[in-house]
Amino acid sequence: MQTPNDLSQRILNTFLATSNWLARWFNRLGLGLYRAWVWFNNVNWPRLPLTPYQWIALFYVILAVLFMLATPPFEAGAELRHYALVQHVAETGDLPVQDAQAPALWREYGNQPPLYYLGASALISPIDTSNFDALLNFNRHRIDQLDYLGNKNLLLRDAPFMPLEGAVLAVYLLRIVNIVFGIGTIWLVYRIGRHIAPQRQIAGYVAAAITAFNPMFLFVSASVSNLPLVMLINAGIIYVTLLLLYHGFDWRRSLLLGALVALAAVTHLSGLLLMLLVLAAGAWAARYRQDWRGYGILAACVLGLFAIVAGWWYVRNLMLYGDLTGLSVASQLAGLRVTSFDLLGEFQLFRMSFWGIFGVLNIQGSVLFYALVDFAVVLSLFGVLFLVMQLVSIRDFSYARRELYGLVFILSVVLLSMIGYFVWISRVATYEGKLLFPFLGAIMPMLAVGFVEVVWWLLFLLSPPERSFVRAGEAVTEHTLREGSVWPMRFMGLMALMVPLFIIAPAYAPPAAQDTVPEPIDRVYADYGPVELVAYDIPDRRYNAGDWVDVTLYWRVREQSDTDNMLSLALVNPGGFTVGQLDTIPGAGTLRTTAWEPGKIYADTYRIRLRPSAVDTGYPIRLHVNWWDSHEQQVLQAVDGQGETLEAVMLNAGVIYDSRRPETPGYIKLSDRLTEAQQLAAVMTPAPEATPTPEPEEVLEETPGQYDFGTVLRLKTFRLYYQPEDAEDRYYELRILWEAQSPPGQSYVGFAHVVGPNETLITQADVRPSVPTNYWNFRDEIIVRYPLELPEDMAPGEYEVRVGWYHVDEDGVIERLLLPEPEDAEAEAPENASENTSEDVEDELEIMPPDYVRVFNFVIEEDGTITTPELPVATEEEEEATEAATEAGEEVGTEVVATVDAEATAWPESDDASGEQATADETDAVTMPTESASQTPTQEG
């Protein structure tokens, strides 16, 4: 017999074995990586004559093309809305007039300044895009939540890769143009980074790298959107303004800056903010250099070109919508904010979407990537603040003043972008981090400068120079600083490479057709007409409320359907109520039944979430599988292999369990069955005076070990309920709180026996707990209910109530759980030993541990009255509470006892905790109604 010490040693041995295995695995992994790195360095790779920026641009193009190919048309963020506006302008030649009461497909993007849409419509005008409307087959089951699996696609399609014709060809053409815009943006970010950190040229390359390898920048650049053009123009404005601050006014520079501001203002509203900042920076430069004439030329160029190029657009907005920007209508179309800010939740989504939330804002990247960039951003911000403090302290030096001016300008752009962002989200319910992308030309160089500053100081502290070294700016060489900064950029590029291959593309890939079902998978059969359910794979384990249940169904296609049928999956409890549901197109929205290949098998995988309020105690759950014919508007009828109708198909899906410890008010510990103050406890009727009164020395003083069935289960407390007095049958319900001392590992059946004189079995109840014992874990506490119906013709006398556990193996052999052997086997004869037993047999019986626990005794008097001298009396308050609960339908019957167990913890009692009556021919097949369709007979998995 296994003792607790044996269990502890086994757990320790398992932990040590697992630790050793992990150590060996990591050792092999490290050795393999080292050998791969040595091989990589020893290969004589061809040397391409490319500069660091050209290498960054080359990898950017490769990654952007991968993003473009991995994302199907119209699935890249707001690409559908942007393209719809481009299509409208190309077909009509006019800009739309927005109506908040009748929103068009492009919604708030119709209020965007029109430069990009005018240019894009002219570019696709030679292409016949008349098939655009035919492509708009929306997925009605699309899921926006990031943590859900599947149904990320906005549109239904037969395959992720669509023929390059019509609107699809136009989409890819516009994507390529935007990728080219991205190359220009990266170059400008590189130049800005070098200008604001002239002492550390590596900052420019770092700025270019974190821009090019930002997965969200790649995703936006490889989609149809006006943002790539906006980022390019705004980065140009920031770069030229820095030149103005460093080198002063020049009419050519002023003219270029005015043209860029005008183009930005007619491309995106962020151009207005940059125009104000350019005029402010020019005023500061004029004051510093005493060149007000140059500032006048700059202001004339900026304001004049703005009025000529973009003024008509803002006048149009004023005439149509009553405000210059059109934001009043755009905010209504985007969705006005009706709730207060959720600072923590919205900030999390904001920073995630800045670095990468893909699809229609419903596909998230790697949690590890988000954590690493968060850490890097915090370091960068600290580095920027530290650098500013250094520059302020040495501003007497000319190079420090120059670097400080540029850095302050960049910080002013970032601050202005944040103000604009908060103004917009204060009106509109959104969290998109890409709203800051128009100012990427300032944000990325700022982060790069701060990151390089932190790396410089880390390298300086790790390898301090000699005391004789004078020029602190060169204490860390450029080569060392580059080597210390380049590896984080390489890692970021590697993470960006994984996004299209392992995150985006799989979200739109339909399940692959296969010829057979892999082993070992549970077989099942249900014929729905076009398809047959031949197998399923659901982890047979226990779940908590809010957990995900992973489901894989194997469908064999008999024939291709004419309509796109819908699959309805529902997790139901034993009462037939739905505790989790998912309605979807097969393949989690990617496998239309009209595109299935006859004769093939498809593995269809889903994740269904259990409702947070789906459990109060514990119970088995099953998966109800239905098909819905969208054309006939009816449920597809399922039949079995013999052609018999199956009114419902239910598959085993484990159990749901509330891990909170149950509250047990009124439950009695066995050692408290009889106390000196409760020697005459009447239950149903007052006990007659002839009832024998136990002497005080007969008070039970049992230890908890006497109620442990090995190291598996322990009886903690119990409670008794009885049928109302006006009922015909004498019906009792014994409720026992059991605690698992170790995972049982098998499905045990609990029994309760009523035994009379001469060991006569009067009645019994064999039940399986609501949560089968093979799902129990260490220290789980579960209430098991035993219904006991006493016969009418019971003879007067004393009767015992005993409980225990047994298991029936595959061969039909019954194995009972045993209590510990008595310390003095000869002194403690078992209660079931008869006085007439021979000495040899009696000796053998005496050393056998018992297989039951006596819970309590009751006495039937001559007049049929039943008394329980061992049980305490319920108080008046407890009886009133019981009666109220009975009237409310919460309990069946009346409490017999109501003594509170001081060790109990909070847990709401519910009828769902009741056990299931176990029978000899018990099976797992049941009949369960659900909320979604009518059900009767069940096909069991």
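Please treat every number below as a calculation from the coordinates, not as lab data. Only a predicted model underlies this, so the values are computations on that prediction, with no experimental measurement involved. Backbone-built Cβ (ideal geometry, glycine too); neighbour counts: all protein chains shown.
Some points to look at:
- A straight Cα-to-Cα reach below 29 Å connects LYS152 with the lysines LYS434, LYS600, residues fewer than 8 places away in its own chain not being considered.
- Extending 7 Å from the Cα toward the beta-carbon at both THR605 and ARG523 defines two label points whose distance is 2.4 nm.
- Close amide-amide hydrogen proximity is noted between GLU647 and THR936, each under 5 Å apart and 5 or more residues distant or on a separate chain (H modeled in the peptide plane; Pro and chain starts excluded).
- Remark: the ARG35-GLU483 segment gains 159.2 nm on full extension, using 0.36 nm per residue and subtracting the alpha carbon distance.
- Ranked packing of 737-749, 386-398, 412-424, most packed first, by mean Cβ within 10 Å: 737-749, 412-424, 386-398
- Hull shadow area, averaged, region 270-384 [alpha-carbon convex hull, nm²]: 11.9 nm²
- Global size of region 583-645: 15.6, 45 Å for Rg and Dmax (C-alpha atoms, Rg to one decimal, Dmax whole).
- Residues whose amide H falls under 5 Å from that of GLN581, counting only those 5 or more places apart or on a different chain, are LEU571, ARG609, with hydrogens built in the peptide plane.
- Translational diffusion coefficient (Stokes-Einstein; Kirkwood radius from C-alpha pairs) of region 224-335 at 37 °C, 0.692 mPa s, in µm²/s: 224 µm²/s
- Sequence ranges 565-571, 21-27, ranked by mean other-Cβ count within 10 angstrom, highest first: 565-571, 21-27
- Ranked by the mean number of other Cβ atoms within 10 Å of their residues, highest first, the peptides 312-325, 152-165 come out as 152-165, 312-325.
- The three principal axes of the Cα atoms in region 73-230 give end-to-end lengths of 57, 41, 35 Å, sorted in falling order.
- Computed label-point distance, nm, for sites LEU146 and PHE778 using a 7 Å Cα→Cβ extension: 3.5 nm
- Residues of region 416-435 with amide N under 12 Å of a point placed 7 Å along Cα→Cβ from LEU336: 427-429
- Taking label points 7 Å from Cα along the Cα-to-Cβ direction, GLN54 and PHE375 give a separation of 3.5 nm.
- FRET E, pair VAL97, ASP562, Förster distance 30 Å, beta-carbon r, rounded to 0.05: 0.15
- Efficiency of FRET between ILE11 and PHE502 - r from beta-carbon atoms, R0 25 angstrom, step 0.05: 0.10
- Under 17 Å from a label point set 7 Å out along the Cα-to-Cβ vector of THR325, the amide N atoms of region 95-115 belong to 108-114.
- Placing one equal scatterer on every Cα of region 536-577 and applying the Debye formula, the log10 ratio I(q)/I(0) at q = 0.16, 0.17 Å⁻¹ is -0.66, -0.72.
- If the segment from ALA134 to ILE394 were pulled out straight at 0.36 nm per residue, it would be longer than the present Cα-Cα gap by 87.1 nm.
- Added length on full extension, which subtracts the Cα-Cα distance from 0.36 nm per residue, THR18 to PHE491: 167.3 nm
- Estimated FRET transfer efficiency (SER630, ASP540; beta-carbon r; R0 35 Å; 0.05): 0.60
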